[in-house]
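First up is the structure itself, then whatever we jot down about it.
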Amino acid sequence: MRDRIQKIEQQIRDAAEKAGRNAQEIRLVAVSKIKPASMVKEAIIAGQTLFGENYIQEAVAKVEEIGGDEAQWHFIGHLQSKKSKYAVGVFDLIHSVDSLKLATEIDKQAAKKGVVQNILIQVNTSGEESKSGTTDETVIALIREVAALKHIAVKGLMTMPAFFDDPEGARPYFRQLRLIKERINALAIDGVEMRELSMGMSGDFEVAIEEGATLVRVGTAIFGARDYTV
Ligand SMILES: *Cc1c(COP(=O)(O)O)cnc(C)c1O
């Protein structure tokens, strides 16, 4: 575990250097979905402190077992509005907000708990119908609406392009997300501070870093293949 994490950290530094970026701007989100809490604990011992989870019930159980002091938790999976009450205040960042309906519910739950919930807006850059995310055309309108919600802080954007055997295949979509971020920042919308770009997984995080990723979500390369996909 320690070797795998150190190898990825090294790859992150190398990719950052290649792109002329500061590696300190890039955080590794260890995606522990479907993997047991015991493996997360191993990763913590190996020095990893930031974890990403996809399935709300599993995630909440794992966070309860391991605790929020030992590690930081991000929610990266699809979130149904009616489940948002379980995520708000538990996760430091929700990567996957893709509709006003979901944002409004998160805002309501955050107000109830007296917190401001950090979120990213998920953009479906590759335009597949099966993928969640707002589109290139609708993202700015959505962000303007979400910016008006008082208990939400928009921190950036997330994307998950289609799978490519060659990681270069994902590059245009990563680049597109960076350009959307730049466009939004140029609009200087009140309450919106776009810093984070969550993009890149085990197979393509180096390309994502070259295109500006600040959060890379790596599961398989740390924890091994998952037994099943949900
Ligand atoms: C599972 C998952 C990952 C990690 O994928 P790997 O290929 O195992 O690194 C990253 N992001 C999201 C949204 C995921 O669901």
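Per-structure values
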{"item": "Answer from Glu17, Glu9 - the residue that is of a type outside the set (A, V, I, L, M, F, W, C) and either within 13 Å of the ligand (Cβ to nearest atom) or within 19 Å of the chain's Cα centre (by Cα) (or both)", "result": "Glu9"}
{"item": "Residue in segment 20-46 that is farthest from the ligand (Cβ to nearest atom), counting only those that are part of a strand (DSSP E or B) and not small (Gly, Ala, Ser)", "result": "Arg27"}
{"item": "Condition met for Phe91 (open to solvent by less than 20 Å² (accessible area, probe 1.4 Å) and touching a residue at least 12 places away in the same chain (Cβ under 8 Å))", "result": "yes"}
{"item": "Every residue from segment 29-71 that is touching a residue at least 60 places away in the same chain (Cβ under 8 Å), of a type in the set (A, V, I, L, M) and surrounded by fewer than 21 Cβ atoms within 10 Å (Cβ to Cβ)", "result": "Ile34, Met39"}
{"item": "Residues being in a loop (DSSP other than H, G, I, E, B), open to solvent by less than 30 Å² (accessible area, probe 1.4 Å) and of a type in the set (Asp, Glu) - total across segment 99-150", "result": "0"}
{"item": "Residues of segment 52-90 that turn out to be in a loop (DSSP other than H, G, I, E, B), among the small types (Gly, Ala, Ser) and away from the ligand (no atom under 13 Å from the Cβ), as a count", "result": "4"}
{"item": "Selected residue (criterion: modelled with the lowest pLDDT) from residues of segment 196-230 that are more than 11 Å from the ligand (Cβ to nearest atom) and surrounded by fewer than 13 Cβ atoms within 10 Å (Cβ to Cβ)", "result": "Tyr228"}
{"item": "Tabulated pairs, segment 190-205, first free of Cβ contacts under 8 Å to residues at least 40 places away in the same chain, second open to solvent by 10 Å² or more (accessible area, probe 1.4 Å), C-beta under 6 angstrom, 6+ apart or interchain", "result": "Ser202/Thr220; Ser202/Ala221"}
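Quick grid of which residues meet (1) of a type in the set (Ser, Thr, Tyr); (2) in contact with a helix residue (DSSP H, G or I) (Cβ under 8 Å, 6 or more places away or on another chain):
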{"position": "Gln109", "(1), (2)": "no, yes"}
{"position": "Val154", "(1), (2)": "no, yes"}
{"position": "Phe164", "(1), (2)": "no, yes"}
{"position": "Ser198", "(1), (2)": "yes, no"}
{"position": "Ser202", "(1), (2)": "yes, yes"}
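The values are calculated or read from the model by the stated rules, or taken from the named source; none is laboratory data. Only a predicted model underlies this, so the values are computations on that prediction, with no experimental measurement involved. Cβ sites come from the backbone with ideal geometry, for glycine too, and all protein chains shown count toward neighbours. These area figures cover heavy atoms from the full protein model, side chains too; ligands, DNA and RNA do not enter into them. Shrake-Rupley method; radii C 1.70, N 1.55, O 1.52, S 1.80 Å.
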